[in-house]
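The values are calculated or read from the model by the stated rules, or taken from the named source; none is laboratory data. Predicted, not measured: the structure shown is a model, and the values here were computed from it. Using ideal geometry, Cβ is built from the backbone for each residue, glycine included, and neighbour counts are taken over all protein chains shown.
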Amino acid sequence: MSKIVTYSPAYTLVPTYECFNSCTYCNFRTAPGKSPWLSLGSAKTQLLSLISQGVIEILILSGEIHPKSLRRQAWFELIYDLCRLALSLGFLPHTNAGPLSREEMAQLKQVNVSMGLMLEQMTPKLLQKVHRNAPSKIPQLRLQQLEWAGELGIPFTTGLLLGIGETKEDWWETLEAIASVHEKWGHIQEVILQPHSPGDQQIWNGQAFDINFLPEVVAIARKVLPSSITLQIPPNLVTKPETLLACLDAGVRDLGGISPHDEVNPDYPHLDYQALVKILQPQGWQLIPRLPVYFQYYDWLPKNLQNSVSKWRRKLQN
């Protein structure tokens, strides 16, 4: 009998690459004012080209405009309008745009089937290292997002970034923080375990996370987190097929969004579906598509989003 691992057929829209943070390992960011914002017209052209391509999830992934910036409201409205546009064309939006206010999260709940924010690591020592010029990477600020998502009933994805100066003990602390919030609200659908993978744009000279340790991290996460939370790894960052399979054996059950381009790690192209099947199938794994909201959270969605999700459920079941 086949063992099942899922993925999300996805495409990423980037409202802007500019970000007031400057994480030293980042391969995504441009400086404030140096990146043109995506227009709705351009986004519509991109989305229309995807309608017959099997894409389900539209990931709205943005650099961050400072909360006190005069452009913050325009930035937020662009994100909201991109989500509405994606919905109108039959896609399911998922937004990850850094820490948001509670009011912003409540508004985006109306046009997103799920949302996300990487917790990365809870240890504050990184604020003196890779996050020294990244005000929104304060651990408690990011943990607050997970709390608000729970309070607002938003199905949520979070995760750890591995190999940025943390210790094994820090992994435990971060996982325990996620578990604690989930036990209160039950809203964390996925936890991503993302190994730091050096790219051409980063200014930090840190080495890649040794992926030979990734199955160990998976095993720890599976031990700490409730079984209702799905563990995810990005297969384009796991360059050894045997390590990918070892992670599945240790408890990973999802491979995240598979799309033409990884915006966060542009130096690491995604494997396509057929390439992944060639790795997985001989070991008894069946790779199947999923929606960006897990089935146990359908009832949490506003009625209009439930209708959009139901259409995709029927397509996947046929």
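Brief remarks on what is shown
- Sole exception among (1) modelled with pLDDT under 95; (2) β-branched (Val, Ile, Thr); (3) surrounded by fewer than 14 Cβ atoms within 10 Å (Cβ to Cβ) for residue 288, by number: (1)
- For the criterion of being of a type in the set (Asp, Glu), part of a helix (DSSP H, G or I), on the phi < 0 side of the Ramachandran plot and surrounded by fewer than 16 Cβ atoms within 10 Å (Cβ to Cβ), residue 299 passes.
- Test result for residue 256, assigned to a loop (DSSP other than H, G, I, E, B) and under 17 Å from residue 162 (Cα atoms): no
- Here residue 236 qualifies as modelled with pLDDT under 95 and assigned to a helix (DSSP H, G or I).
- Residue list for segment 245-263, filter: more than 21 Å from residue 293 (Cβ to Cβ), under 16 Å from the mean Cα position of the chain (by Cα) and surrounded by 18 or more Cβ atoms within 10 Å (Cβ to Cβ): 262
- From the list 213, 209, the lone residue that is within 22 Å of residue 168 (Cβ to Cβ), in contact with a Pro (Cβ under 8 Å, 6 or more places away or on another chain) and hydrophobic (A, V, I, L, M, F, W, C) is 209.
- The residue of segment 135-147 that is farthest from residue 21 (Cα to Cα), among those that are in contact (Cβ under 8 Å) with a residue 40 or more places away in the chain and surrounded by fewer than 20 Cβ atoms within 10 Å (Cβ to Cβ), is 144.
Residues are listed down the side, and each one gets a yes or a no for (1) of a type in the set (S, T, N, Q); (2) out of contact with any strand residue (DSSP E or B) (no Cβ under 8 Å at 6 or more places or on another chain):
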{"position": "86", "(1), (2)": "no, no"}
{"position": "95", "(1), (2)": "yes, no"}
{"position": "114", "(1), (2)": "yes, no"}
{"position": "128", "(1), (2)": "yes, yes"}
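- Tally of residues being surrounded by fewer than 18 Cβ atoms within 10 Å (Cβ to Cβ), among the small types (Gly, Ala, Ser) and on the phi < 0 side of the Ramachandran plot across segment 151-189: 2
- Any hit, segment 306-314, residues being assigned to a strand (DSSP E or B), touching a helix residue (DSSP H, G or I) at 6+ places or on another chain (Cβ under 8 Å), more than 26 Å from residue 199 (Cβ to Cβ) and at pLDDT 95 or above: no
- From 244, 271, residue being free of Cβ contacts under 8 Å to residues at least 60 places away in the same chain, assigned to a loop (DSSP other than H, G, I, E, B) and among the hydrophobic types (A, V, I, L, M, F, W, C): 271
- When 272, 262 are checked against the criterion of being acidic (Asp, Glu) and touching a helix residue (DSSP H, G or I) at 6+ places or on another chain (Cβ under 7 Å), 262 stands alone in meeting it.
- Screening the candidates 24, 45, 12 for the property of being surrounded by 14 or more Cβ atoms within 10 Å (Cβ to Cβ), over 21 Å from residue 113 (Cα atoms) and among the β-branched types (Val, Ile, Thr) yields one hit, 24.
- Residue 294 being surrounded by 13 or more Cβ atoms within 10 Å (Cβ to Cβ), within 18 Å of the chain's Cα centre (by Cα) and aromatic (Phe, Trp, Tyr): yes
- Residues within segment 164-188 that are out of contact with any helix residue (DSSP H, G or I) (no Cβ under 6 Å at 6 or more places or on another chain) and either among the β-branched types (Val, Ile, Thr) or not in a helix (DSSP H, G or I) (or both), tallied: 6
- Conditions (1) under 23 Å from residue 239 (Cβ atoms); (2) crowded, with 18+ Cβ neighbours inside 10 Å; number of the one not met by residue 277: (2)
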